[in-house]
1. Check region 103-115 and report whether any residue there is within 23 Å of A181 (Cβ to Cβ), part of a helix (DSSP H, G or I), at pLDDT 95 or above and touching a helix residue (DSSP H, G or I) at 6+ places or on another chain (Cβ under 9 Å).
2. Would you call A75 within 14 Å of the chain's Cα centre (by Cα) and surrounded by fewer than 15 Cβ atoms within 10 Å (Cβ to Cβ)?
3. I need a count of the residues in region 103-152 that are out of contact with any Leu (no Cβ under 7 Å at 6 or more places or on another chain), over 19 Å from V89 (Cα atoms) and aliphatic (A, V, I, L, M).
4. Could you please give the count of residues in region 143-169 that are touching a residue at least 40 places away in the same chain (Cβ under 8 Å) and not in a helix (DSSP H, G or I)?
5. Restricting to region 170-193, and then to whatever is farther than 13 Å from A144 by Cα and modelled with pLDDT of 85 or more, can you tell me which residue is surrounded by the most Cβ atoms within 10 Å (Cβ to Cβ)?
6. Modelled with pLDDT of 90 or more, among the hydrophobic types (A, V, I, L, M, F, W, C) and out of contact with any Cys (no Cβ under 6 Å at 6 or more places or on another chain): does that describe V100?
7. Select from region 14-54 the residues that are surrounded by fewer than 19 Cβ atoms within 10 Å (Cβ to Cβ) and either at pLDDT below 70 or assigned to a loop (DSSP other than H, G, I, E, B) (or both) and list them in ascending order.
8. Among the residues that make up region 61-82, is at least one of them over 25 Å from E137 (Cβ atoms) and modelled with pLDDT under 90?
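The values are calculated or read from the model by the stated rules, or taken from the named source; none is laboratory data. Everything numeric in this text was worked out from a predicted model, so none of it was measured. Note: ideal-geometry Cβ built from the backbone for every residue, glycine included; neighbour counts use all protein chains shown.
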Amino acid sequence: ADDEVAALLEGFSRGRLIDEPLFQEAARLVVARVRKLSPRLLTSMLTAFACSNVATEHLFFAAGDAVVACHRHYAPGQLAELADAFSRVRARHALLLDTVPAQFAGQAIRDRRTCSIEALVKLFSAYVDIRQELGPEGFREELAESLCERRGELSSRLMRQVLQAAARSHWPNVRLLEVAAEVASRDPKQWEVDCMH
């Protein structure tokens, strides 16, 4: 039943018209069962809530407490996805402020075994806007530096997500723009090739 609820939430979160009463009822269900949900299910449910913009503070704080209590059971990619979801709804919880930055401190974000490129992009999206005052000082810059170092792993789709996050936060990073140009030239779309001629 939990899998079906997660699939339903994910489907509804992508729709144009969000069924707010459905999400509010689902939020009550998730809060009641938060300690029984697997890391995969809880991550996908919270991502759906964040995408729907029908997120209650109570839901994210209850779920955040549950994740912090057993964060070692969560894969790095799941923690990065949760950080992105929490930052989207501006839930200033210890998970976002302390737990995730500590998990990805130092060399962890530079090592593809501990942090996939997809997870790195989600972390950048979560922490790029320093106006929200999330994460430790300089974390955004460390993430940007890691993205530049690992540019060979970036696809054009992931690079677009990085640029969109930087634009939302009004942070024009010259090195990221140079990396974007490199990624685009490595994997040009047909219309980009046509524009060059």
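1. no
2. In short, yes.
3. 2
4. 2
5. The selected residue is V183.
6. In short, yes.
7. R14, G15, R16, L17, I18, D19, V34, R35, K36, S38, N53
8. no
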